[in-house]
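Read the structure below first, then the notes.
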Amino acid sequence: MVGGLWHWIERHSTGLSLLVPFLAIVGGLFGNWLGAKVQAAGGLAQASAAREAARITAEAARLAALRDERRLAIAEFIRAARALFRLSWNLYHDDQEEEAKRAYEAVSYAHAEVHLCAPASIVLLESDMLQAVEVFWYLARSRGSAARGLRLLTVPAADGGTPGLIAYQAVMAARSAPHDDLSARDDLQPQALRELRRCGLLDEGQVMAIYRDIPYGHLVAGQQGRGDAYAAALRVFVDAAREALGANREGKAERIRESAAAGSAIGHG
């Protein structure tokens, strides 16, 4: 068979000599086409990898920006809530109603910011904390004026006397009367009103604020209970926020701005 093939080649050598260049050209063109196809496929794969890398980078940047936004929003809410709590406490001693109103507006705005960027679990705890500080603020607004007026009754006069002492004692007696003893309340409350007006230390607005506050009883228990509720809600919220932001992960500690000061407020509030 090999010999026959060789004789065939010898007989057709002229034609084959003409075919070889053609085959070389065709082979070259096919090689170029195949190389271009391989190169194109490699370019597409490279472009696809580049697009995927860009997508991953963009997503990582978005998540990092969202993380920073959450951290700042949470920190601002904690700061605003602490400011409102402090000013609410001050309402029992000083007339800072306007400052407290502005602080409440700041808390409301910070509350909305957290709702827009924080996960649902954080939003739920943040709402609990907002409610706790609002309740404390409402108590201070409703009873702060009476508390400030009562403090005036205990301030000694220039001669060392206490002209408001009798009025103060009358108010305390009316507050301490049992709620079911209507006879005692009917006697003690009008007497307290007379003494408040007689002492000469209060204007009519202060007198009526104290008089209307008498049925609510002593203030300390309400302050303490609502202050403790706020402190507990703050503690839970800060702990959850630290966990959500990764601040509790070993070797990757992050600080929530104002969180340390917020913890301090728990001890003092």
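Annotations
- Net charge over other residues, Cβ less than 14 angstrom from the Cβ of SER121 (K, R count +1; D, E count -1): -2
- Other residues whose C-beta falls under 13 angstrom from the C-beta of VAL220 contribute a net charge of +2, scoring Lys and Arg +1 and Asp and Glu -1.
- Panel order for VAL135, VAL220, VAL207, by other beta carbons found within 10 Å of each beta carbon, from fewest to most: VAL220, VAL135, VAL207.
- Pairs of Cα atoms nearer than 8 Å and 6+ residues apart set the relative contact order; for the stretch 72-268 it is 26 percent.
- Remark: ASP68, ASP239 ranked as ASP68, ASP239, counting other beta-carbon atoms within 10 Å and listing the fewest first.
- Estimated vicinal HN-Hα couplings, Hz - the stretch 89-98 in sequence order (Karplus 6.51, -1.76, 1.60; Gly, Pro = x): 4, 5, 4, 6, 10, 9, 7, 10, 4, 5
- Taking label points 7 Å from Cα along the Cα-to-Cβ direction, ASP95 and ALA184 give a separation of 3.5 nm.
- Summed side-chain charge close to ALA192 - residues other than ALA192 whose Cβ falls under 13 Å, Lys, Arg +1, Asp, Glu -1: +2
- Derived scalar couplings ³J(HN,Hα) [the stretch 193-200; Karplus, 6.51 cos²θ - 1.76 cosθ + 1.60; whole Hz; x for Gly, Pro]: 4, 5, 5, 4, 6, 6, 5, x
- Ordering SER121, SER183, SER142 from the fewest to the most neighbouring beta carbons within 10 Å gives SER183, SER121, SER142.
Only the coordinates and a few stated rules stand behind these numbers; no lab work does. What you see is a predicted model, and the numbers here were worked out from it, not measured in a lab. When we count neighbours, we look across all protein chains shown, and the Cβ atoms used for this are built from the backbone with ideal geometry, even at glycine.
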